[in-house]
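Notes to accompany the following structure.
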Amino acid sequence: MYTKSDPNFYIFLAFGQSNMEAVVGVSGSDILPFDKDQYQNYTNIIDYEWYQKIMNYYGRNPYGRLIEMGEIAKRDSVIKGILMHQGENNAEVLFLVGEVAQTNLGGKNGHHNEIINRLPEIIPTVYIISSEGLMPMKDRLHFASESFVTLGERFADKMLNILQIKGCILLSYIY
């Protein structure tokens with residue numbers, strides 16, 4: 001039986017290449033070991049003993065190990081963020097970054113959107129998801145339910161557009 005999560009105990013999940021091996025990292029690898037649909041195709045692609053040792057350490061599934069660690073972390077703590085370092089191979093990973101609630105609609109930290117919107121100048125694979133028209137909750141930090149759903153749809157639309165995937169139906173629900 002698990003106790004309630006401690007809201008003051010923060011966990012940050014970290015993954016990527018060799019600089020993240022202390023958590024879940026795979027030296028010299030592509031990002032594919034962390035893709036739930038493709039990791040199996042990548043676990044045996046490199047025949048070096050050191051690489052296979054890393055794969056075995058993660059049960060031949062780095063993606064699954066990261067998810068498992070997240071589930072364990074949620075039992076006693078709050079996952080506050082995900083840290084990812086990918087630089088040796090396949091550094092063209094897409095990052096979608098959502099704006100925070102806008103100041104003109106009552107958002108408390110809307111001024112951060114100026115910084116958020118400069119990210120593509122620094123990292124060419126970053127795409128910004130607009131929060132235009134999305135209403136915050138009374139706390140002025142989080143989005144109201146309808147706005148949260150709309151933001152999620154915007155993330156999905158942008159990713160589908162980037163990947164040039166057409167004909168998908170987005171199903172939105174609140175849980």
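None of the figures in this text is laboratory data; all of them are computed from the coordinates on show. Just so it is clear, the structure is predicted and the values come from calculations on it, not from any experiment. Because the Cβ atoms are built from the backbone with ideal geometry, glycine has one as well, and the counts that use them run over all protein chains shown.
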Please go through the residue pairs K80/K158; K4/K138; K74/K108; K53/K80; K36/K158 and name each one whose alpha carbons sit more than 22 Å apart in this structure. K80/K158; K4/K138; K74/K108; K53/K80
Using modelled amide H (1.01 Å from N, peptide plane; none on Pro or chain starts), what sits under 5 Å from the amide H of L96, excluding residues fewer than 5 places away? Y127
Please sort 104-114, 147-157 by packing, taking for each peptide the average over its residues of neighbouring beta carbons within 10 angstrom, highest first. 147-157, 104-114
Test of understanding: what is the full-extension gain from E68 to K80, defined as 0.36 nm times their sequence separation minus their Cα-Cα distance? 2.7 nm
I45 and R60 label points (each 7 Å along its Cα→Cβ direction) are spaced in nm at 1.7
What number results when the radius of gyration of segment 94-175, computed over Cα atoms, is divided by 2.2 N^0.38 Å? 1.14
For L141 and E153 in the same chain, what is the full-extension length gain: residue separation times 0.36 nm, less their Cα-Cα distance, in nm? 2.4 nm
